[in-house]
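J.: Here it is: the structure, laid out below.
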Amino acid sequence: MKRPLVRDDLNAMDSYHSPQVEVDVRLNTNEAPFPPPEEFERAFLQEVKRVSWNRYPDRLALSLREDLAELHQVEPEQVFVANGSNEVLQTLCLTFGGYGRTALTFEPTYAMYGQIARVAQCRVAEVQRNESFQISLDVLERAIELEKPDLMFLCSPNNPTGTPESLEVIEASLGLSSGVVLVDEAYGQFADFTALDLLRAQNASESLVVTRTFSKTWSMAGVRLGYCVAPPWMFEEFQKVVMPYHLDAVKQVAGRVALRFHDQMETRVAQISDERRRVSEAMTQLGVEVWPSQANFILFGTSPCDLSGDEVWKRLLDSSVLVRNCSSWPGLKDCLRVTLGTQQENTIFLEALQEALQ
Ligand SMILES: *Cc1c(COP(=O)(O)O)cnc(C)c1O
């Protein structure tokens, strides 16, 4: 039987894959190692009883947007919520990208930027970061001049390198580009800098968008909830490209209840940041190259130990520890990325790494 043809451009594309293997210690997708607090579950079950199952949800998710606006001290009109920040990225690509338009990425970075932009038929221009994974100002300037991006993706802290973007780079981007400047802060709470401050300014930029997610710091990857803070005029435009009622009622409740436990979230973030210090130091002692991270993961290179990243990844997996193998990604030869887990998981990882390096 003959199969209908898919789009030519999709034929040349891979789908997202991060292996979901059964292991004892799963440190490959940067999720939180802890569930949300028990009180969250009780409060959520209480609230969810009030959902009108036969009715469509609040299409504009007004209550949730109000709560998020209060959290960030911005206006509800500046907040757009979606099914994970990936849907926010897709919405941006559909609104500002598309055929004949250009998206700019700074590699190595989160692979979904290029993927989502290409699916939206956007041309993707890739520029390399320097050896410390920063964006050099001269490289930035040249890229914007040459590519004239309609949309550019900054990531702070950057996945998979853990480095935050500098305020200088963000301000230069806003000054030089006439397109949208996206700052993805999926790990923003772990860093000591946020671009959200720029959105609260009196004369805030008309082109800056900052995304956040419930998937990492809020321990809610299972719910698929993310949002952005943007100039208010964009909200109307986003409504044209998203499905009506894309954000279901249960998810809106989950998000609102989660926000009541902000302090507990910050405690978890602090705990993980302490672990980051301990684990980074221990890894440096073991002789791998460790890049300083401001996120809940650590990028490390195995070449100082005369072993390939693939080999160390396999040996860790033999010890039932799963990390992300970035070895084959451009600019990341022999690099692996480990998500910080619970203290116990991290200790198991360090023991497995020590063994793997022998
Ligand atoms: C994990 C991650 C996200 C989260 O995506 P969701 O769709 O919100 O789960 C977004 N950006 C980066 C850089 C990430 O690492």
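J.: From (1) touching a Gly at 6+ places or on another chain (Cβ under 8 Å); (2) surrounded by fewer than 17 Cβ atoms within 10 Å (Cβ to Cβ); (3) not small (Gly, Ala, Ser), pick out the condition that doesn't hold for residue 193.
T.: Against the list (1) touching a Gly at 6+ places or on another chain (Cβ under 8 Å); (2) surrounded by fewer than 17 Cβ atoms within 10 Å (Cβ to Cβ); (3) not small (Gly, Ala, Ser), residue 193 comes up short only on (1).
J.: Now for a separate question. Does residue 154 count as assigned by TED's automatic domain parsing to the domain that holds residue 78, more than 15 Å from the ligand (Cβ to nearest atom) and hydrophobic (A, V, I, L, M, F, W, C)?
T.: For residue 154, the condition - assigned by TED's automatic domain parsing to the domain that holds residue 78, more than 15 Å from the ligand (Cβ to nearest atom) and hydrophobic (A, V, I, L, M, F, W, C) - is not met.
J.: Right, here's the next one. In segment 120-131, what residues are in contact (Cβ under 8 Å) with a residue 60 or more places away in the chain and not in a strand (DSSP E or B)?
T.: Within segment 120-131, 121, 129 meet the criteria.
J.: Of the numbered conditions (1) out of contact with any Ser or Thr (no Cβ under 7 Å at 6 or more places or on another chain); (2) under 30 Å from residue 67 (Cβ atoms); (3) in contact (Cβ under 8 Å) with a residue 12 or more places away in the chain, residue 297 satisfies every one except a single condition; which is it?
T.: Tallying (1) out of contact with any Ser or Thr (no Cβ under 7 Å at 6 or more places or on another chain); (2) under 30 Å from residue 67 (Cβ atoms); (3) in contact (Cβ under 8 Å) with a residue 12 or more places away in the chain, residue 297 fails exactly one: (1).
J.: Here is a further query. Here's a check for you: in segment 20-75, which residue that is surrounded by 14 or more Cβ atoms within 10 Å (Cβ to Cβ) and at positive phi is farthest from the ligand (Cβ to nearest atom)?
T.: 61
J.: Specify the residue that is nearest to the chain's Cα centre (by Cα); the eligible residues are those in segment 133-164 that are in a loop (DSSP other than H, G, I, E, B) and free of Cβ contacts under 8 Å to residues at least 40 places away in the same chain.
T.: The residue in question is 156.
J.: Mind checking which pairs have a first residue in segment 78-98 that is within 23 Å of residue 218 (Cα to Cα) and at pLDDT 95 or above and a second that is more than 9 Å from the ligand (Cβ to nearest atom) and among the basic types (Lys, Arg), Cβ under 8 Å, 6 or more apart or different chains?
T.: Note: pairs meeting the criteria are 79/65; 80/65; 81/65; 83/251.
J.: How about segment 186-234: which of its residues are small (Gly, Ala, Ser), in contact with a helix residue (DSSP H, G or I) (Cβ under 8 Å, 6 or more places away or on another chain) and more than 9 Å from the ligand (Cβ to nearest atom)?
T.: Once the filter is applied, which keeps residues that are small (Gly, Ala, Ser), in contact with a helix residue (DSSP H, G or I) (Cβ under 8 Å, 6 or more places away or on another chain) and more than 9 Å from the ligand (Cβ to nearest atom), segment 186-234 yields 188, 195, 204, 205, 207, 219, 230.
J.: When you scan segment 1-119 for strands (runs of 3 or more DSSP E) that lie fully inside it, which ones turn up with 3 or more residues that are closer than 20 Å to residue 254 by Cβ and of a type outside the set (Gly, Ala, Ser)?
T.: Filter on segment 1-119 gives 79-82.
J.: Which residues, taken from segment 98-132, are acidic (Asp, Glu) and within 14 Å of the ligand (Cβ to nearest atom)?
T.: 107
J.: Yes or no: residue 137 within 16 Å of the ligand (Cβ to nearest atom), of a type in the set (A, V, I, L, M, F, W, C) and either under 30 Å from residue 223 (Cβ atoms) or surrounded by fewer than 23 Cβ atoms within 10 Å (Cβ to Cβ) (or both)?
T.: no
J.: Looking at the structure I just gave you, is residue 194 under 30 Å from residue 327 (Cβ atoms) and among the β-branched types (Val, Ile, Thr)?
T.: No, not satisfied.
J.: Would you check if there is a residue in segment 200-210 being farther than 28 Å from residue 233 by Cα and surrounded by fewer than 19 Cβ atoms within 10 Å (Cβ to Cβ)?
T.: no
J.: All but one of (1) in contact (Cβ under 8 Å) with a residue 40 or more places away in the chain; (2) surrounded by fewer than 23 Cβ atoms within 10 Å (Cβ to Cβ) hold for residue 277; state the number of the condition that does not hold.
T.: It fails just one condition, (1).
J.: From the list 95, 91, pick out the single residue that is within 21 Å of the chain's Cα centre (by Cα) and either within 16 Å of the ligand (Cβ to nearest atom) or buried (at least 23 other Cβ atoms within 10 Å of the Cβ) (or both).
T.: Selected residue: 91, the only one of 95, 91 that is within 21 Å of the chain's Cα centre (by Cα) and either within 16 Å of the ligand (Cβ to nearest atom) or buried (at least 23 other Cβ atoms within 10 Å of the Cβ) (or both).
The values are calculated or read from the model by the stated rules, or taken from the named source; none is laboratory data. Note that the structure is a prediction, hence the values are computed from the model and not measured. For neighbour counting, all protein chains shown are included, and Cβ atoms are generated from backbone atoms with ideal geometry for every residue, glycine included.
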